[in-house]
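Heads up, the thing below is written out as C-alpha cells.
The values are calculated or read from the model by the stated rules, or taken from the named source; none is laboratory data. Quick caveat: nothing in here was measured; it's all calculated off a predicted structure. Glycine also receives a Cβ, built like all others from the backbone with ideal geometry; neighbour counts cover every protein chain displayed. Quick note on the areas: whole protein, heavy atoms, side chains included, nothing else; ligands and nucleic acids left out. Shrake-Rupley method; radii C 1.70, N 1.55, O 1.52, S 1.80 Å.
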Amino acid sequence: MNHFKISEIAKISDGELFLSTNLSDEIISKIVIDSRSFFTGENAVFFALPGPRNNGHNYISDLIEKGVKHFVVSEEKWINNNANFVLVKNTREAMQKLAAFNRKKFQYPVIGITGSNGKTIVKEWLHDLLSENFRIVRSPKSYNSQIGVPLSVMLMNENYNLAIFEAGISQPHEMQKLTEVIQPEIGIFTNIGDAHQENFESLEQKIKEKLQLFKHAKKLIFSENTELVKNEITKFCKKNSVEPISWSLNKKNAILSFSTTTKANSTIIRAKVRAKDCSFEIPFTDSSSIENACHCFATLWVLTEKPDTFLPRFKKLEPVAMRLEIKQGINNCLLINDYYNSDLNSLSIALSVLQQQAAKGHLYKTVILSDIQQTGIPKQELYNQVNKFLSDWKIDELIGIGSEISEYSDTFSVKKKFYESLYDFEKTFQKNNFKDAVILIKGARKFTFEKISALLQQKTHQTVFEINLNALVHNLNEFRNLLKPRTKIMVMVKAFSYGTGDIEIAKLLQYQNADYLAVAVADEGTQLRNAGIQTPIIVMNPEEHSFQNFIDYRLEPNIYSLELLDSFAKAVSQNAMEEFPVHLKIDTGMNRLGFKTNDEIQRAILKIKSSGVLKINSIFSHLAASDDTEMDNFTLGQISDFEKMCTTISEKFNYPIDRHILNSSGIERFTKYQFEMVRLGIGLYGISQTGLRLENIGTLKSMVSQVKTVTKNETVGYNRNGKIGRKSKIAIIPMGYADGLDRKLGNRNGAAFIHGRRVPIIGNICMDMSMLDVTGVDVNPGDEVEFFGTNISILEVAEKAGTIPYEILTGISQRVKRIYLQE
C-alpha cells in the first residue's frame with residue numbers, strides 16, 4: 001500500500017488523533033485487521049473491526065505487546081499512551097474512506113467486476129491475458145466484500161498502470177459504499193443468479209443494487225442473453241450516461257456477437273465487432289467458461305481496441321484455483337499447494353495459512369517459491385519485500401526456483417537453497433530432506449509446481465475426500481449467529497472429526513477461537529496436544545488406564561459416575577494437583593452415561609468438595625430427540641430437569657459453573673436454552689434440521705480405472721447381481737466398502753456423478769471396487785467421479801443406505817486421502 005502518516009489517516013477518515021508521548025507521527029505502510037495473522041508491528045496500523053461474535057478491540061493489548069504502535073478504533077475506552085490511536089465512528093467505514101482516498105490518487109484505468117458468478121475467474125483470466133502488456137494490481141483471491149475491497153484498493157500505487165477489482169454484495173445498500181472505493185472506469189457485469197437471493201425482494205432489485213458499482217463508469221460490458229439483465233442495464237446506462245457494451249451468443253444485434261464451435265476438449269469462439277471478424281480458442285467446453293471468455297474478449301476490445309494481439313493467449317488459459325489445497329505429505333510433512341499464481345498479495349495470504357497450520361506444532365516451516373512475475377515493482381525492491389514477509393512469518397527455509405529469484409539470492413536472510421529451474425530441483429530431490437515440516441508450494445503457473453507436490457505427496461490410491469475449510473467456517477458462523485455473543489461453543493472433533501480429519505480441523509477451530517474441543521477418548525486428545533492444539537479439550541469417555549495422560553496433557557474428563565469420580569480424584573491427588581477441571585454429566589432421559597438420581601448428585605457434590613483437588617468447569621446433559629418435533633415435550637422436560645439439577649449443584653460451590661445441553665439440532669430448535677455453552681457436532685459438517693443455510697463441507701470422489709462394454713444378458717460383479725438388459729458401457733472405480741462406500745448402495749440403489757450426469761452403481765459393491773453403468777456418457781479412464789458432494793447430497797446417500805449422515809462420514813476409511821481446500 002501507499003505510505004500514510006497516522007495523522008493523515010486520522011484526517012482522511014474524519015477521526016480524532018491521539019498521539020502517544022513516546023511515539024512520533026510515523027509512516028504507515030501496512031493495514032492489519034486480524035491479530036492472528038500478524039507478527040511484527042513495524043509500520044502497521046490495526047483497524048479494530050467489531051463483529052457479531054469477535055470484536056477487534058479486544059486484541060489491542062496483545063497487539064501492542066507484539067509491537068503494533070498504531071490503531072484505528074471506534075471505542076474510546078481502549079485509548080492509552082502505549083500507542084497512537086485514531087478514534088472514528090465506524091472503523092470499517094474509516095478503512096473504506098482511506099481506500100477511496102488512495103484510489104483517487106491514480107489516473108490509470110480501473111476495471112470493476114460484479115455479478116453472481118464468474119467474478120474471480122474473469123479477473124484472473126484478464127490478468128493472464130493482459131499481464132505481458134500492463135502492470136496490473138488486482139484483488140487478491142476473491143477479496144470482494146465490504147472489507148476485502150478496501151484492502152484490495154489500498155494496494156494501488158505508482159508501480160501499476162491498470163487495476164482490476166471485483167465487488168460482491170449480500171444485501172441491499174452495500175454496493176454504494178464499494179462504488180466510492182473502486183470508482184471503476186470500465187465495468188463488467190458477469191451474470192445474475194440465486195446467491196444471497198434471500199436478502200433481496202427480487203432478482204430485479206439485486207440487479208439494480210449491483211449496478212450501483214458502475215454509476216460513474218464510462219463503459220459497461222454485459223451479456224444481453226438474459227432479457228431481465230439487458231433491460232435493467234439499458235435503463236441504468238441511459239440514466240447514468242454510461243456507454244453500454246453489450247455482447248451476445250448467436251445474436252446479431254449486440255455490439256459484439258459471438259458464435260461457438262465445440263471440439264473434443266476446447267471451443268472455437270468467433271467474434272464479430274463493427275463488421276470485423278476474428279476467432280480464438282479456449283481449452284474449455286462448458287458454458288460458464290465460454291461466457292467468461294466472451295467477457296474477457298469484450299474487455300480487451302474496450303481497453304485496447306486491438307484484441308488481435310491477445311487472441312493466441314486465450315488458448316493458454318487455465319482453470320482458476322479458487323482455494324489452497326492442504327494435504328498430507330511424506331515423512332510427516334503437511335503440504336499447502338498454491339501453485340497457480342505467484343504475486344506478493346497472494347503470497348502474504350498463503351503465508352498466513354502456513355502459520356495457521358504450523359501454529360504451536362513446532363513444525364519446520366518451508367516455502368518453495370518461484371520467480372514472482374509482472375508485479376510492476378523493481379526487482380530488488382520486490383525480493384526485499386519477499387524476504388521481509390518470510391522473516392515476519394519466521395519461515396525456517398526458502399527453496400527458490402527460477403533464474404530471477406536465484407539472481408537475487410543474496411537478498412534473503414533465511415536459510416535458503418536456489419535452483420535455476422524445476423528440472424534442476426527434480427535432479428537433486430531427495431525425500432529424506434523433507435521431514436516434520438509444513439511446506440508451502442507457491443509458484444506461477446508456468447513453473448508447473450504440481451510436479452513438486454507429486455514428489456512430496458503421501459502416496460495413496462485415487463479415492464479422495466476433499467474437505468472445504470471455508471465451508472466449515474461458514475457453518476460455524478451460521479451457528480454462532482444463533483447465539484448470544486457470550487455463549488461459548490464446544491465443537492465435537494471425536495471420531496476423526498466425523499471422518500473429516502482430526503488435526504487439521506482442530507487447528508482450524510483453534511484459529512476460529514472455539515472455546516472447547518471434545519473428543520471421545522484420551523488418545524484423541526493426546527494426539528491433538530502433540531500437534532500443538534492449546535484449546536481446552538474435554539474427553540467424553542475417560543478410561544482409568546489413561547488418567548496420567550489427562551494430567552500430563554491437560555485433558556478434562558467427563559465425570560459420569562461416583563466410581564469414576566473417586567478414581568480420578570485419587571489420580572489428581574497423587575500428582576499433587578489442585579483445582580483440576582472436570583465436567584459433570586447428568587442423565588436427564590437419554591439413559592446412557594451420567595448421574596441420574598438426586599442421591600447420586602448429592603454424593604458427587606460431597607466427594608468433589610471433600611477431595612479438594614477438583615473443580616467443576618461445566619455441568620451438561622444430552623438431549624435424546626432434539627431433532628424430532630413429535631418429541632418436543634420430552635425434550636423440554638429434559639431441559640427442565642437439567643436446570644433443576646444444575647441449580648442443586650451450583651448453589652453448593654462458590655464459583656461459576658457453565659451449563660450446556662444443546663447439541664446441533666438443539667441449537668437450531670431450542671436456542672433460548674443455550675445457557676453458558678452449547679455443543680456443536682454434525683451441524684458443523686453441513687447437516688441442518690431446520691433449513692439453516694449450511695454449506696456442503698466435503699466431496700468424496702474417485703476416478704475411473706477402466707471402461708468396458710458388456711453385452712445383453714451378461715452380469716457384473718459378485719453373485720451375478722448386476723444384471724444387464726441391453727448392450728452397456730461399464731466403468732470400474734477403485735473404491736469399495738473398505739473405503740466407506742456402503743454395500744446397500746449397490747445394485748442401482750445408489751448413484752455417482754460423472755460428466756454432468758448421475759449414473760447408477762451396478763452390481764454388488766466390492767471391498768476395493770465398484771462399478772457404474774455409464775451407458776450413453778462419454779467416459780474414459782482417469783475421469784473424475786463424485787459419490788457425494790455438490791451434486792449428490794450426503795443426506796440422499798444416507799437415506800439410500802438406510803442410515804444417518806453421521807455413519808456415512810465416520811465410515812470413510814482413513815486410507816482415503818483427505819485434501820483440505822481453503823480460500
**Request:** Over all alpha-carbon pairs in the stretch 449-604, figure out the percentage whose distance exceeds 27 Å.
**Result:** 37
**Prompt:** Between the stretch 759-823 and the stretch 480-538, what is the C-alpha centre distance in whole Å?
**Reply:** 27
**Message:** Defining a contact as two alpha carbons under 8 Å apart and six or more residues distant in sequence, what relative contact order in percent does the stretch 83-169 show?
**Reply:** 41
**Fill in**
Given Cβ charges of +1 for Lys and Arg and -1 for Asp and Glu, the option among Asn191, Ser342, Ile27 whose Cα lies farthest towards the positive end of the dipole of the chain is Asn191
**Request:** Report the extension gain between Glu158 and Ser573 in nm, rounded to one decimal, defined as 0.36 nm multiplied by the number of residues separating them, less their alpha carbon distance.
**Result:** 142.7 nm
**Item:** Residue-span extension gain [Tyr806 to Ile551] - 0.36 nm each, minus C-alpha spacing
**Value:** 88.7 nm
**Request:** Please report how far the C-alpha centroid of the stretch 43-104 lies from that of the stretch 193-244, rounded to the nearest whole angstrom.
**Result:** 35
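Given Cα positions, please report Rg to Rh for the stretch 44-101, the hydrodynamic radius being the Kirkwood one.
That ratio is 0.95, to two decimals.
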**Message:** Report the Cα-based extents of the stretch 643-696 along its three principal axes, largest first, to the nearest Å.
**Reply:** 45, 15, 12
**Prompt:** Which is farthest toward the positive dipole end of the stretch 383-451 among Phe389, Tyr419, Phe434, measuring Cα position about the Cα centre, with Cβ charges +1 (Lys, Arg) and -1 (Asp, Glu)?
**Reply:** Phe434
**Request:** Largest first and to the nearest Å, give the Cα extent of the stretch 561-671 along each principal axis.
**Result:** 49, 23, 22
**Accessible-area composition of the chain, carbon plus sulfur, in percent [1.4 Å probe]** = 46
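Roll a 1.4 Å probe over the protein chains and send me the accessible area per residue for the chain in Å².
That works out to 43 Å² for each residue.
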**Fill in**
Ordering 411-418, 186-193 by per-residue average of other C-beta atoms within 10 angstrom, highest first, gives 186-193, 411-418
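Give me the net charge for the shell around Ala99: Cβ to Cβ below 13 angstrom, other residues only, Lys and Arg +1, Asp and Glu -1.
The answer is +4.
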**Request:** Identify all aspartates and glutamates with a Cα-Cα distance to Lys484 below 19 Å; exclude those on the same chain that are fewer than 8 residues away in sequence.
**Result:** Asp515, Glu643, Asp658, Glu668, Glu676
**Asked** Once all Cα-Cα distances of the stretch 288-339 are split into 10 Å bins that start at 0, what whole-number percent is in each one?
**Response** 19, 33, 20, 16, 10, 1
**Prompt:** Working out 0.36 nm times the residue gap between Asn780 and Asn633, then minus their Cα-Cα distance, what length gain in nm do you get to one decimal?
**Reply:** 47.4 nm
**Request:** Calculate, for Glu8 and Glu381, the FRET efficiency according to 1/(1 + (r/R0)^6) with r their C-beta to C-beta distance and R0 25 Å; round to the nearest 0.05.
**Result:** 0.65
**Message:** Heavy atoms of the protein only, probe of 1.4 Å, neighbouring chains included. What is the accessible area of Glu651 in Å², nearest 10?
**Reply:** 120
**Prompt:** How do the peptides 301-311, 751-761, 150-160 rank, highest first, by the average count of neighbouring beta carbon atoms within 10 Å per residue?
**Reply:** 150-160, 751-761, 301-311
**Fill in**
Dipole check, the stretch 488-609, charges on Cβ (K,R +1; D,E -1), about Cα centroid: among Tyr516, Ala571, Asn598 the Cα furthest to the positive pole belongs to Asn598
**Request:** Provide Glu543, Glu504 ordered by accessible surface of protein heavy atoms (probe 1.4 Å), highest first.
**Result:** Glu543, Glu504
**Message:** Give the aspartates and glutamates reachable from Lys327 as a straight Cα distance under 12 Å; neighbours fewer than 8 places away on the same chain don't count.
**Reply:** Asp338, Glu466, Glu504
**Label point distance in nm, Glu305-Ala625, each placed 7 Å from Cα along Cα→Cβ** = 7.6
**Request:** Normalising by the residue count of the stretch 690-823, find the relative contact order in percent from Cα pairs under 8 Å and 6+ residues apart.
**Result:** 27
**Request:** Extending each Cα 7 Å along its Cβ direction at Arg758 and Arg592, get the distance between those two points in nm, one decimal.
**Result:** 3.2
**Cα-Cα over 21 Å, subset of Lys315/Lys708; Lys123/Lys446; Lys11/Lys69** = Lys315/Lys708
**Request:** List the extent of the Cα atoms of the chain along each of their three principal axes, largest first, rounded to whole Å.
**Result:** 91, 90, 61
**Prompt:** At a probe size of 1.4 Å, how large is the accessible area of Lys215, to the nearest 10 Å²?
**Reply:** 50
**Asked** How large is Rg/Rh for the stretch 405-445, to two decimals, with Cα atoms and a Kirkwood Rh?
**Response** 0.96
**Asked** In debye, nearest 20: dipole of the chain around its Cα centre with unit charges on the Cβ of K, R (+) and D, E (-)?
**Response** 1780
**Prompt:** Between Asn250 and Glu16, how many nm apart are label points set 7 Å from Cα along the C-beta direction?
**Reply:** 6.5
**Accessible surface, 1.4 Å probe, highest first, among residues Met645, Met769** = Met769, Met645
